[in-house]
Amino acid sequence: MSHMLEINDLSVTFGGLHALKDLNFHVDEGEIVGVIGPNGAGKTTFFNMISGMVTPSSGEILFEGESMIGLDPNQVTQRGISRTFQNVRLFANMTILENVMVAQHCRTKQGVFGSLFNTGAFRKEEQEIREHGEKVLGFFGSRLIGYRLDQPASVLSYANRRRLEIARAMATKPRLLLLDEPVAGMNPKESAELTELIGRLRSEWGFTIVMIEHDMNVVRDVSDRVVCLDHGETLAQGSFEEVSSDPDVIEAYLGRPLEKQS
Amino acid sequence: MTAIASNPDVTPELEHVKKGAFDFDIKAATKSGHILGLALIFVCLAGMPVGLNDRMLITPVLSLGYLSLLWLPLLLGWLSGNEKVLEGMATTKRGGRDIVRGALIGLIGGLGLSLLIMLLDWFDLRDPLVNWSPQLAELLHFDRSYAFGWFAWPILCATLGALGAGLHVVGPKLRKALVSTLLTVLTFAVFETFIVDIFDFLDDLIYDKQGGLTVISAIIIAAVSFALSLFGGGRAISGARASYRAATGSAKTTQTATLIFVSALALIIIPMVTGKITQELLANIGIFLLLALGLNIVVGLAGILDLGYVAFFAVGGYTTAVLTSPNRGPAWPEWFPTLPWWGALIVTVIVCALVGLFIGAPVIRMRGDYLAIVTLGFGEIIRILFLSDWLGGYFNAAQGITNVPAADFGFAQVKGTDPRSVFYLVLVFAAISIYVSWRLERSRLGRSWMAIREDESVAEAMGINTVNMKLMAFVVGAVLASFSGAIFAAKVGSIFPTSFLILVSVIILVVVIVGGMGNILGVIVGAAVLIGVLGGPKQPGLLAEFSEYKLLIYGALLVVMMLQRPEGLVPNVRRSRELHQDEFLQDAWLKGEVDTDDDDPGVVGDGPEGALA
């Protein structure tokens, strides 16, 4: 059976540094895959490469059977892969609604003509963009809607900025969602809530999800499968229990156990 | 803080800090005095007093030359008394202290001029400093003895400094009246040419035969404006403004529509009643407004710093000239058509859009500084191509293309000798450009430009084809500039490479920045203020006397704006948020709009009630 996203023997080098080395990875439709690994393991490079921001030096990326090598980030998003950023990068001076409206750019098509003459098609499309935006924001309860819609994103609290970033990625109507540390900086209660929402992203919205996360509770609770990266290489793959008990993984996180002194 | 703690009954807003007459920051005042002295000497050596001395404002008391010096101590005296009042902070009580400070600043500044008088007497530095002249010395000691000058300037400047500072001491109502009186008299005096141009009959009534207000008429104008501003004048305006601000929803839409309708009507009627000078001025403002609106899309919305925008103006002007003039270069083939102006306009728009694509395609992939430098280069390349001998057969090199015919619309002819017709043509195109900017800003394209301006790589990751979108902004900007170029060709009747210096790009950019980047109204205000008052690169403005110092004033204005109000006169709401992020967040916090990390998602509106309204 063919995978939704398939990565074969993929390497990325920056100068002499192997950020990723002969990586093999796959995601099936409807899966939630957790990517873990110590700092500098190449997790974010892995995301940058899937989303087209970094060009791999060798190997292949297949999304639904088509090669993604050489596509611009906007074309990758167009094909149905959307992402969030580890250090939240919202359009801070645009309103919350505008943030999710602008993310629907590649799913809409009205150009100069429609905007200038305010055609029926233009009005209909604007209406749809707005409705979809509000629907996506509504996923997070009342936090991002109501009077907040017209406030700039910069007034939001840290946790809400993270939520808005997920909403913005959802607004691009992806099939595969890449979440880069979605609960970083959140308190336990907030991260528990978001964990539940990530599960609902799959069950209600039908997204397939790849998630980088350091919080092992979150990884354990939502992941069907866990991949551990270290030094740009796959260290272990499998269920959370398998990976978390893998000696190589423990070593990568905690270091080598001391040899018996003699 | 201790006062508040020890005396809880006194609210901090009501408490004034009392101080003695000399209890102020002498160091700061001395510094302002030195700045004043340097500014006065600079103005002298820039040649303003001598150059403008023949232009009388109030005959025979005050000339523009003296005014160029006298306003400085007044302004610095006023500024020295300014203090930033924050909510909950104690204010200082105004009084003799302010006046003493103002006088001290003026005194130090005036001593600077005394020093200059002495130096003028002792040394001859005319070689490096062209304005180091006996005329300057004569002017500075008021045609009397040197000693008179030495003492007169410190006393005069100290008095003016004290008066400027004294404005803080008098009540707000009286202050407003005094300031508006001063400004009214100066307006009547400085803008004499235009006031006469609009109201013929005033010429003999209030102005002297040699120019300038007569003393009596100056006093009458001052008295009338003082009385008007003290007793209720201007209240109607501020009341209307308040009600406009307070209006919401459909009421606001109606009011805005009325406002636009009234201003459009005024713009149509005004040129009918004014003389040629005003019409010419309005036409020039319009031509530069068209350019500024186009650049506003490129810089203000999409964030592409284009320093070579004049290229599109040049291409627009030359294309129209080549297509309409019989004097175009000899190298054009026989079959090349000569079109009427409107036909040429269509071709011009297409050509400019193509040139925009052609220049934009390589440039647009760059970012930030690199892009700015490359556009600067392209701006010059285009001008030099028109100037070159290589294309001389087509564009006549430095001789330019002359005899560009008037734009003939059957019912009207638009030509330079009839500035009113030019103005109406410009008005039509300005309306089109404003409409285009307004619609695009509120569309899918406008949103994507904003996103690109905010963070280009994230915009790209969110599915926006940034290269195409930026290119589109570039081309829309080029098309708007082509309108301006086409009208310019018909207005001036001849096109030379020197009309398209890099200075034009700079001035349009300054118009956009000073007016308010990304705000259509701001750009209109910027064009009216800068091009209208100071004048364009070659076109005189209201202050035609200052044309020699135009660039100096442009530079000074830009520096002041960048320091005091970087978001422009009429700011775009996003830009001011960006530039004043801290203050904005503080305000939001005070209003309770800042969000807290609530744990309960079910609570609607974690802000206070006010935020919902």
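The values are calculated or read from the model by the stated rules, or taken from the named source; none is laboratory data. Bear in mind that the values here come from a model prediction, so they are computed numbers and not experimental data. Note that we place each Cβ from the backbone using ideal geometry, even for glycine, and neighbour counts take in every protein chain shown.
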Can you name the condition, by its number, that B:L205 falls short on among (1) more than 24 Å from B:L281 (Cβ to Cβ); (2) part of a helix (DSSP H, G or I); (3) not small (G, A, S)?
(1)
Checking the condition loosely packed, with under 15 Cβ neighbours inside 10 Å and at pLDDT 90 or above, which residue from B:L72, B:L115, B:L86 passes?
B:L115
Looking at segment A:73-84, which of the residues that are of a type outside the set (S, T, N, Q) and at the interface with another protein chain (Cβ under 7 Å from one of its Cβ atoms) is surrounded by the most Cβ atoms within 10 Å (Cβ to Cβ)?
A:R83
Subset of segment B:207-234, residues surrounded by 18 or more Cβ atoms within 10 Å (Cβ to Cβ) and closer than 21 Å to B:V179 by Cβ, comes to B:L213, B:S217, B:A218, B:I221, B:S225, B:F226, B:S229
Looking at (1) surrounded by 22 or more Cβ atoms within 10 Å (Cβ to Cβ); (2) facing chain B (nearest Cβ under 10 Å); (3) not in a loop (DSSP other than H, G, I, E, B), can you tell me which one A:C106 breaks?
(1)
Just to check your reading of the model, which residue among A:V183, A:V226, A:V218, A:V210 is in contact (Cβ under 8 Å) with a residue 24 or more places away in the chain, under 30 Å from A:G141 (Cα atoms), within 14 Å of chain B (Cβ to nearest Cβ) and of a type in the set (V, I, T)?
A:V183
In segment B:95-125, what count of residues is obtained for those that are assigned to a loop (DSSP other than H, G, I, E, B) and in contact (Cβ under 8 Å) with a residue 12 or more places away in the chain?
1
Residue that is surrounded by the most Cβ atoms within 10 Å (Cβ to Cβ) [pool: residues in segment A:7-51 that are under 13 Å from the mean Cα position of the chain (by Cα) and not β-branched (V, I, T)]
A:F46
In segment B:280-302, residue surrounded by the most Cβ atoms within 10 Å (Cβ to Cβ) [restricted to those that are within 16 Å of the chain's Cα centre (by Cα) and farther than 21 Å from B:P571 by Cα]
B:I287
Qualifying residues in segment B:432-451 (those that are free of Cβ contacts under 8 Å to residues at least 12 places away in the same chain and not in a loop (DSSP other than H, G, I, E, B)) - the one farthest from the other protein chains (Cβ to nearest Cβ):
B:Y435
Test for B:L52: is it at pLDDT below 90 and either touching a helix residue (DSSP H, G or I) at 6+ places or on another chain (Cβ under 6 Å) or buried (at least 20 other Cβ atoms within 10 Å of the Cβ) (or both)
yes
From the list B:L471, B:L427, which residue is outside the structural domain of B:R365 (by TED's automatic domain parsing) and touching a helix residue (DSSP H, G or I) at 6+ places or on another chain (Cβ under 7 Å)?
B:L427
Which residue out of A:I61, A:I50, A:I36, A:I32 is under 28 Å from A:V249 (Cα atoms) and within 14 Å of chain B (Cβ to nearest Cβ)?
A:I50
Please pick out the residue among B:G522, B:G518 that is of a type outside the set (A, V, I, L, M, F, W, C) and either more than 14 Å from chain A (Cβ to nearest Cβ) or surrounded by fewer than 24 Cβ atoms within 10 Å (Cβ to Cβ) (or both).
B:G522
Looking only at segment A:209-219, decide whether some residue is surrounded by 15 or more Cβ atoms within 10 Å (Cβ to Cβ), outside any loop (DSSP other than H, G, I, E, B) and not aliphatic (A, V, I, L, M).
no
Of the residues that make up segment A:162-171, is at least one surrounded by 24 or more Cβ atoms within 10 Å (Cβ to Cβ), in a loop (DSSP other than H, G, I, E, B) and more than 9 Å from every other protein chain (Cβ to nearest Cβ)?
no
Which members of segment B:524-579 meet the condition of being charged (D, E, K, R), part of a helix (DSSP H, G or I), within 30 Å of A:V155 (Cα to Cα) and free of Cβ contacts under 8 Å to residues at least 40 places away in the same chain?
B:R577, B:E578
Would it be correct to say that B:M462 is within 14 Å of another protein chain (Cβ to nearest Cβ), surrounded by 21 or more Cβ atoms within 10 Å (Cβ to Cβ) and farther than 24 Å from B:Y309 by Cα?
yes
If you go through segment A:124-145 one residue at a time, do you hit one that is basic (K, R), without any contact (Cβ under 8 Å) to a residue 24 or more places away in the chain and either touching a Pro at 6+ places or on another chain (Cβ under 7 Å) or facing chain B (nearest Cβ under 10 Å) (or both)?
yes
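The rows are residues; the columns are (1) over 29 Å from B:K173 (Cβ atoms); (2) assigned to a helix (DSSP H, G or I); (3) touching a residue at least 60 places away in the same chain (Cβ under 8 Å).
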| residue | (1), (2), (3) |
| --- | --- |
| B:A240 | no, yes, no |
| B:E280 | yes, yes, yes |
| B:G286 | yes, yes, yes |
| B:L291 | yes, yes, yes |
| B:G294 | yes, yes, yes |
| B:V298 | yes, yes, yes |
| B:G303 | yes, no, yes |
| B:A321 | yes, yes, yes |
So is A:F113 in contact with a Phe, Trp or Tyr (Cβ under 9 Å, 6 or more places away or on another chain), at the interface with chain B (Cβ under 10 Å from one of its Cβ atoms), of a type in the set (F, W, Y) and in a helix (DSSP H, G or I) or not?
no
Could you tell me whether B:L136 is in contact (Cβ under 8 Å) with a residue 40 or more places away in the chain, farther than 18 Å from B:A28 by Cα and outside any helix (DSSP H, G or I)?
no
Looking at (1) of a type in the set (D, E); (2) within 14 Å of chain A (Cβ to nearest Cβ); (3) surrounded by fewer than 21 Cβ atoms within 10 Å (Cβ to Cβ), find the lone condition where B:E454 falls short.
(3)
Any chance segment B:355-373 includes a residue that's in the same structural domain as B:A314 (by TED's automatic domain parsing), β-branched (V, I, T), over 24 Å from B:L503 (Cβ atoms) and not in a helix (DSSP H, G or I)?
yes
